[in-house]
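Read-outs throughout are calculated quantities, based only on the coordinates presented, and are distinct from any laboratory measurement. Every value quoted in this text rests on a predicted model; they were computed, and no experiment measured them. Neighbour counts run over all protein chains shown; Cβ positions are idealised from the backbone, glycine included.
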Amino acid sequence: MATDPVCGMYVPETSDLYVDRDGTRYYFCSKGCMDKFLEPEKEGKNLARKLVIAWTFSLPVLVLTYIYTGALRDIILLVLSLPVVFYSGTQFYPGAISAIRTRSGNMDLLVSLGILTAFFFSVFVSFFPHAIPHSMVYFDSSDFIVSLILTGSYVESLVKAKASDAGNRLLSLIPETVHLVSDGGIVDIESSKISPENLVEVRPGETVPVDGIVERGSADVDSSMITGESLPITVNPGSKVSSGMKDLNGTIVVRVQAVGPNSTVGKIYSFIKMASSGRTKIQRIADVFSSYFVPVVLAAATASFLFWFFYLRSIGDPYFIETAILSFVSVIVIACPCAIGLAGPITLLIASEGSFEAGILVKNAGAMDRVTKVNRVVFDKTGTLTLPEMYVLNYSGDTEALMMAAAIESHSNHPVARAIVQYAGNISHKDADQVKEMPGSGIEGMCCGHKISVISGENGDLRITVDGTVRGVLKIGSKIRPEAEETIAEMKEKGMKISVLTGDRSRDSASAVESIGVDEVLTGLSPEDKAAIIRKYQEAGDYVMFVGDGINDVMAIDQADVGVAMGSGSDITRSQGDFVLLRNDLRAILSIFDISSKTISKVKQNIIWAISYNSALIPVAAGVLVPIFGAGIYSFLPMLAAFAMGMSSSTVVLNSIRLRGKIGRNVNYAWT
């Protein structure tokens, strides 16, 4: 049986509600879920409108219920409740109808029962106030069920909308126009009109718009967004290039192999869009509970109604109909899922606020339950385990040669050039001219009357030559973050397996990472390779957390059970991560584990409390106290049921607030 990608409900594969996308068929429990999947932005706007309407009318209903006692109070409350129940509340009814049709239970069915039972009972009482003596209206209960649960749904929709925005920003990397090479010369056309086997020209400073093979020319290209490799790579005729790479210094002509959705950027975009749909596990847990709880509640309410109807009728009680109805309403109201619906969201909200104060932005609070199961942490290397910038690790030579080399490099936008200029920052630079970059080799020019060259050596170092004589040797590389070794050591003490997946092909950089205690380093990987390796870990039974910073890490972050993005990473990566390390300190990952463990424990406490509380009071609502207080107890029991429902919700909120203090006392590191 298929699973609805929006609500998580099981759907028979005979359903006629399905969509084929990218070779996969997705089934839906209702047209509403299908619309959310196809047009999440439109659905997000609809949800926002429903939320505004719900709160706009719910608050006056609450105030009037307790401070206004006029003759028309109930009618006014009814009018104010109509838009809440029959506009905002329509968010839940399709799912409830689908649950009834498939003979299953979910949160939508519980919520709908609570809303509609309280509302229609209140309508009856409003028009027939003497039919059920001493009865009250419960419009505030129906309205606040809608408003509170819609608020949680809206927060979830914001997360998905940000994921969609991230995909759109990724597509913006591709230029709108490209230089098409044809027999008649070079013509600029829209990138969407490019086809495989076309030839396109890419000039210095431009982004490669397609996947293809270099036909002519050579250049150094920055592939960090795609592969994560920190050093630019040199491409020559026959070299493969991918969309999203940036040409640094040479003109190349590329024969197109893949474009649009089939290109590297297009595939990552598709991955982002697919990852933005789905239901958090906290909600699915509530749905699983509801599948058992709903039939129990309905059976208890119906049994209570039938018992009191026939029993009181048999003894000649004139209020047998009213009492039977009130018993049914009391059971439904007292079992209202408001507290159950709050059990997860309110705790996750408080945990998210506490995490922010600790330098951790929680983007997907539902990921916390997955954090507690993680047994393998996978890191990207460049910008994650290492600092994002390139550095001069060592220099041997004279200061004058370094000064002139920096003068030449200041004319380049190559990351190695920036590292050399930064390293020589305290030296008075001289002017340089006749500067020429040589893709794959280095750079040369004139400075102070001398010909200066900075050329790649055999060992990966850079040699500074002055008029043909080697005067200095530079070692360029990245630096391991100072807290990385300590963080990895603590993770391994907790039994974690540590892996590093990187697009960097350098053996030296791999050795540097191995030296801090990781278990495995895999190099030269594409974004697809990283996602595939994580999938293999998962198939072997591992729960995987991936920590990365670049666009090339998006697929891995989405494939992993938990995705963590560095605060210094790309906007797209930060949008996709479940957590963002705002201060780029890897020790914050330890706090993610600690906070998540405490949060999920608190969520479980709340859910158990809400279920136990509601379940324990169902017999009370059904009439277990009637032998003690008499059937007259039903004249005010619905009011007590509503009060009990409120107490259940309040207890859940107060218990969740206690989590804030625990988070504050147990952050695993301090900022210095």
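The alpha carbon centroids of region 550-597 and region 31-106 are separated by 35 Å. A Förster radius of 45 Å combined with the Cβ-Cβ distance from residue 215 to residue 451 puts the calculated FRET efficiency at roughly 0.85.
Starting from the Cα-Cα distance between residue 14 and residue 187, subtract it from 0.36 nm times their residue separation and give me the gain in nm to one decimal. Working shown, then result.
On the way: separation 173, 0.36 × 173 = 62.28 nm, distance 5.08 nm.
Between residue 14 and residue 187, full extension yields 57.2 nm more.
Count neighbours as other Cβ atoms within 10 Å of each site's Cβ, and list the trypsin sites (Lys or Arg not before Pro) in region 476-507 that are DSSP loop with at most 16 such neighbours. Kindly include the intermediate steps, with their values, before the conclusion.
Values: sites: 479, 492, 494, 497, 505, 507; in loops: 479, 494, 505.
Filter output for region 476-507: 479, 494, 505.
Using the structure shown, select from 492/598; 240/373; 36/497; 246/475 the pairs with a Cα to Cα distance greater than 30 angstrom. List each step's numbers first, then the result.
On the way: 492/598 20 Å; 240/373 39 Å; 36/497 38 Å; 246/475 24 Å.
Where the Cα-Cα span goes over 30 Å, the pairs concerned are 240/373; 36/497.
In this rough spin-label picture, where each label sits 7 Å from Cα along the Cβ direction, the residue 52-residue 655 distance is 3.6 nm. Note that region 401-411 has calculated 3J(HN,Hα) couplings of 5, 5, 4, 6, 5, 5, 5, 5, 5, 5, 8 Hz, one per residue in order, obtained from phi through the Karplus relation 6.51 cos²θ - 1.76 cosθ + 1.60 (θ = phi - 60°); glycine and proline are x.
Determine the shape class of region 391-477: with a ≥ b ≥ c the square roots of the Cα gyration tensor eigenvalues, call it rounded for a/c under 1.5, and otherwise prolate if a/b is greater than b/c, oblate otherwise. Since a/c stays below 1.5, the shape of region 391-477 is classed as rounded. Peptides 114-122, 551-559, ordered by how many other C-beta atoms sit within 10 Å of their residues on average, highest first, read 551-559, 114-122. Full extension of the segment from residue 310 to residue 485, taken as 0.36 nm per residue of separation minus the current Cα-Cα distance, would add 55.6 nm.
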